[in-house]
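Laboratory data are not the source of any read-out in this text; all were calculated from the coordinates shown. Bear in mind the structure is a predicted one, so any value in this text is a computation, not a measurement. Positions of Cβ are generated from backbone atoms using ideal geometry, with glycine treated the same way; all protein chains shown enter the neighbour counts.
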Amino acid sequence: MAEIRLKNLAHSYNPAHQTEQDYALKPLDLTWEDGKTYALLGPSGCGKTTMLNIISGLVKPSEGQLLFDGQDVTSAPTSKRNIAQVFQFPVIYNTMSVAQNLAFPLVCRKYSDKDIKFQVDKVADLLDLTEYLPMAAKKLTADQKQLISLGRGLVREDVNAILLDEPLTVIDPQMKFELRRKLREINKRSGITMVLVTHDQNEAMTFADEVVVMQDGRVMQSGTPEILFEQPQNTFVGYFIGSPPMNFLPLKNDNGILTCDHTGFSQKMDKLPSKDQYSLGIRPEYLKITEQQNASFGIAKIIQIDDIGIDGIITLSFEDGPHIKLKTRDHKSLHLNGIVGLSMPPNKSLIYQNNNLISSNI
Ligand SMILES: Nc1ncnc2c1ncn2[C@@H]1O[C@H](COP(=O)(O)OP(=O)(O)O)[C@@H](O)[C@H]1O
Ligand SMILES: [Mg+2]
């Protein structure tokens, strides 16, 4: 097992790359610690698969280095990297039994029959596949086939990391939850580094110790689910993480004093270039409805109430102003077109300059 480092790494599929647009991955620096769980999260086409394929060796990066425990493996063949990769659709040998499928990587590496049986039994037990071992692999469900793909990665004892590229796509929602739990359990027991690629924020946030949020070939932020929720470094992460997304209200800059129309929000800051754009980021979870006389964040009208089960999403409108969303469990007592007060804990307001966080502890 190893620490994985991407050092000034970039990739373009176009050999004649010239502009930034030609790069599927723009220059980036990332370190993945040994034994942790990571998620690569971002919209389709943002470079997630490219990054995984560079780590496993299927793609050679056009620039920079890939280091395992400090050793340069940028040009090392796939077979020398000891990376197990699980793809979106299960890759199994249909003509073989489940046991033979699991044993395959060990047979290729000429393990003894005794060692193969020991490893296959151990992995089958871990994945609840023991009773299926003698069965033909083609008879299994899509979920179980994906477990076999995963099992083939786990049977080897020399695996540096398991990379999973949207492996839950073919799996039904209940089983997804179960498989995610199992992956975490395996990580805790075996200490194998795991990287899960997904475009589903819920999947990423519930699986990973750290989530790497990507957009358009760039790493927008990497951090724990809590950091991404509390301190999005840019408006993209604020918008992409959280449901509903973070609210952004425009701020006016009057000689270093930032104000937000309709809300009474005002903040003095040092050195604010007047040509830049400023906005206030507020999580719907932290905005509260109050009596009008106790409003510390303006007065607004309720224009929509969406009941989403335990929580309600309330959309409010400031007079002649922007809309804002709030999440609450007290939505049953609210009425459409009601005029209400709003309040915000001061330390939960985030200020963005040209879409980048500049202040989070007001
Ligand atoms: N083999 C390839 N040849 C050329 N362009 C590619 C190839 N694979 C991916 N791309 C392009 O690189 C970008 C990133 O793709 P990819 O890494 O597959 O994104 P994701 O996995 O996040 O959906 C996309 O613009 C995609 O069209
Ligand atoms: Mg992909």
Query - Spin-label pair N354/D158, simplified geometry with 7 Å Cα→Cβ offset, distance in nm - result: 5.0 nm
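Can you put M205, M246 in order of Cβ neighbours within 10 angstrom, beginning with the fewest?
By the 10 Å Cβ count, ascending: M205, M246.
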Query - For the range 291-298, Karplus couplings with θ = phi - 60° (6.51, -1.76, 1.60), whole Hz, Gly/Pro x - result: 4, 4, 6, 9, 5, 10, 9, x
Query raised in the report: What does a probe at D115 reach in the range 148-174, counting residues whose amide N is under 17 Å from the point 7 Å along Cα→Cβ?
Result: 153-160
Query raised in the report: For C108, C46, what ranking results if the residue with the fewest other Cβ atoms within 10 Å of its Cβ goes first?
Result: C108, C46
Query - Links that overshoot a 18 Å alpha carbon limit, given the list K80/K110; K110/K145; K176/K325; K288/K332 - result: K110/K145; K176/K325
Query raised in the report: Which FRET efficiency value, to the nearest 0.05, is calculated for D125 and D330 with the Förster distance at 45 angstrom and r the Cβ-Cβ distance?
Result: 0.40
Query raised in the report: Under 15 Å from a point 7 Å along the Cα-to-Cβ line of H323: which residues of the range 223-266 have their amide N that close?
Result: 244-249
Query raised in the report: Considering only DSSP beta bridges whose two residues both sit in the range 4-240, what percent are antiparallel, to the nearest 5?
Result: 50 percent
**Report entry** R0 of 30 Å, Cβ-Cβ distance T290-T259: FRET efficiency to nearest 0.05
**Finding:** 0.90
Report summary line: So the angle from the long Cα axis of helix 113-126 to the longest Cα principal axis of the chain, reported in degrees to the nearest 10, equals 30 degrees
Report task. Please express the shape of the chain as an equivalent ellipsoid: the semi-axes are the square roots of 5 times the eigenvalues of the C-alpha gyration tensor, given largest first in whole angstrom. Result -> 47, 26, 15
Query raised in the report: Could you give the nm distance between label points at K36 and T224, where each point is 7 Å from its Cα heading toward the beta carbon?
Result: 1.0 nm
Query raised in the report: Which residue, I282, I54, I257, tops the fluctuation ranking in a GNM of the chain built on C-alpha contacts under 10 Å?
Result: I257
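With N set to the number of residues, divide the alpha-carbon radius of gyration of the range 247-359 by 2.2 N^0.38 Å and report two decimals. If you can, show how the numbers build up before the last one.
On the way: Rg = 14.7 Å, N = 113, 2.2 N^0.38 = 13.3 Å.
In units of the 2.2 N^0.38 Å rule of thumb, it is 1.10.
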**Report entry** Rounded to 10°, Cα long-axis angle of helix 98-108 versus longest principal axis of the chain
**Finding:** 70 degrees
**Report entry** L168, L163, L272 arranged by Cβ crowding within 10 Å, fewest neighbours leading
**Finding:** L272, L168, L163
Query raised in the report: In whole angstrom, how far apart do the alpha carbon centroids of the range 341-361 and the range 144-177 sit?
Result: 40 Å
Query raised in the report: How many nm separate the modelled label positions at L58 and C108, each set 7 Å beyond the Cα in the direction of the Cβ?
Result: 1.3 nm
